[in-house]
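Bear in mind that the values in this text are calculations on the coordinates, not laboratory data. These numbers come from a predicted model, not from an experiment. Quick reminder, even Gly has a Cβ in these numbers, built from the backbone with ideal geometry, and neighbours come from all protein chains shown.
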Amino acid sequence: MRVLITNDDGIASPGLQALVGAFDPVGETFVVAPERERSATGHAITLHKPLRAHSVAIPGSAARAWATNGTPADCVALGIIELLPAKPEVVLSGINVGPNVARDLTYSGTVSGAMEGAIFGVPSIAVSVGSFRNPTFSVAAAFAVELARAILLHGLPEDTLLNVNVPNLPPDRIAGVAITRQSAKRFISRMEKRVDPRGRTYYWLTGDPSPVEDLEGTDTWALTHNRISVTPITLDMTDDRAAAAMRTWDLAWRPASGA
Ligand code: MN
């Protein structure tokens, strides 16, 4: 299995190293990852400055690896177009420290790494562990290998990627695997307003989860019920229900009316 691994926590992240370690025995592993943390950069790409990549070693692995000054999406594109000797069969992004669920998918560099793989037509998986504190990666890494094998066996629909969140628990406390949907759970955002030592105001985005119960079958529900959450995500953002409703609006362009 030829695998391309990226992440958004940076090439030195123990989550990435655990993922590489899990894939080393099962295939040909390549790593292209940001040289520093690029969390919450979404699907940003580098168009207005040079993109650079240099060879690095991943501790304990013989995988060919490059660190870049780009984002996760840059890394995947650079790997597929330029650095890898052949197109990967699977792209993996992670293992991220902290969950990527609900509305956060839009901001996630981890998910965007996998999304870029899907744009290139490669089956892709984003993997996150559900806690920022004392994260452990062995369950997530082992499950990622199993899921990659399943994808090669069954295939994925075109334009689909998988977003995986693994509870931060020992193997015997994982209650199973749930195929989930993206939760609509919101976070109540606040801007902390402070004053810097030079007397100038600055802002820092913060917030808390809304006190809404997790709907059964969602990604947030799976994590709180100790299940590994696997959410299929599609690149097509079209809202077919809204489009059908809007066709009855009789929208028309009438040049004379705007003059
Ligand atoms: Mn991250």
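If I model a spin label as a point 7 Å beyond the Cα along the Cα-Cβ vector, how far apart are those points for residue 106 and residue 46 in nm?
2.7 nm
With viscosity set to 0.692 mPa s at 37 °C, what whole-number translational diffusion coefficient in µm²/s follows for region 199-255 from Stokes-Einstein and a Kirkwood radius over Cα pairs? Let's see the in-between values first.
Working: Rh = 16.7 Å.
In µm²/s, the coefficient rounds to 196.
Loop-only check: which trypsin sites (Lys or Arg not before Pro) in region 159-259 are DSSP coil with at most 10 other Cβ within 10 angstrom?
Filter output for region 159-259: 198, 200.
What chymotrypsin sites (Phe, Trp or Tyr not before Pro) does region 117-181 have in DSSP loop regions with at most 13 other beta carbons within 10 Å? Could you put the intermediate results ahead of the total?
On the way: sites: 120, 132, 137, 143; in loops: 120, 132, 137.
Sparse-neighbourhood loop chymotrypsin sites (Phe, Trp or Tyr not before Pro): 132.
Using 0.36 nm times the number of residues separating residue 204 and residue 169, minus their current alpha carbon distance, what extension gain do you get?
9.5 nm
For the chain, what is the mean residue ellipticity at 222 nm derived from helices alone (per DSSP H run of n ≥ 4: -39500 (n - 2.57); sum divided by total residues; nearest 500 deg cm²/dmol)? Write down the numbers at each step before the final one.
Details: 7 runs with 62 residues, N = 259.
Mean residue ellipticity at 222 nm (helix-derived): -6500 deg cm²/dmol.
Only Cα pairs within less than 10 Å get springs; with that Gaussian network setup on the chain, which residue of 208, 104, 74 has the largest fluctuation?
208
Quick one: dipole size for the chain, taken about the Cα centre, charges +1 on Lys/Arg Cβ and -1 on Asp/Glu Cβ, in debye to the nearest 20.
Details: 23 positive and 26 negative charges, 151 e Å.
In total the dipole reaches around 720 debye.
Kirkwood hydrodynamic radius, the chain, all distinct C-alpha pairs: what's the number in Å? Mind showing how you got there, number by number?
On the way: mean 1/r = 0.0512 Å⁻¹.
Kirkwood hydrodynamic radius for the chain: 19.5 Å.
Name the residue farthest towards the positive end of the dipole of the chain from the options 72, 83, 188, assuming +1 on Cβ of Lys and Arg, -1 on Cβ of Asp and Glu, about the Cα centre.
Farthest towards the positive end: 188.
Among 212, 145, 122, which one moves the most in a GNM of the chain with springs linking Cα atoms closer than 10 Å?
Fluctuation is largest for 212.
Quick one: Cα centre-to-centre distance for region 1-56 and region 198-230, in angstrom?
Spelled out, the Cα-based centre of one part sits 25 Å from the other.
When we measure straight from the Cα of residue 49, which lysines land under 29 angstrom away, once same-chain ones fewer than 8 places off are left out?
Within the straight-line cut-off, residue 49 pairs with 87.
How long are the three semi-axes of the equivalent ellipsoid of region 1-97, in whole Å, if each is the root of 5 times an eigenvalue of the C-alpha gyration tensor, listed from largest down?
Over the Cα atoms of region 1-97, the semi-axes work out to 19, 15, 11 Å.
Give a quick list of trypsin sites (Lys or Arg not before Pro) in region 55-148 that DSSP marks as loop, anything other than H, G, I, E or B, with at most 12 other Cβ atoms within 10 Å.
133
If R0 is 35 Å, what FRET efficiency do you get for residue 37 and residue 246 from their C-beta distance, rounded to 0.05? Mind showing how you got there, number by number?
Working: r = 41 Å, r/R0 = 1.16.
Efficiency computed from Cβ-Cβ geometry: 0.30.
Obtain the nm distance between the two label points defined at residue 56 and residue 188 by a simple spin-label model: each point lies 7 Å from its Cα along the Cα-to-C-beta direction.
The answer from the label model is 3.9 nm.
Once you've got the GNM for the chain with C-alpha springs shorter than 10 Å, pick whichever of 156, 215, 47 has the biggest mean-square fluctuation.
Among 156, 215, 47, the largest GNM mean-square fluctuation belongs to 47.
Please identify the DSSP H helices in the chain that span no less than 20 Å along the helix axis (Cα) and have a mean Kyte-Doolittle hydropathy of -0.5 or more.
Working: long enough: 138-154 (24 Å, 1.52).
Sorted by number, the helices that extend far enough and score high enough are 138-154.
Would you list, by chain and number, the lysines whose Cα falls below 27 Å from the Cα of residue 185, excluding same-chain residues fewer than 8 positions away?
Qualifying lysines at Cα under 27 Å: 193.
For region 149-259, what are the per-bin percents of Cα-Cα distances with bins 10 Å wide, up to the bin holding the maximum?
Pair shares across the bins are 11, 22, 25, 19, 17, 6, 1.
Can you give the three extents of the C-alpha atoms in region 72-160 along their principal axes, from longest to shortest, in whole Å?
Projected onto its principal axes, the Cα set of region 72-160 covers 37, 27, 24 Å.
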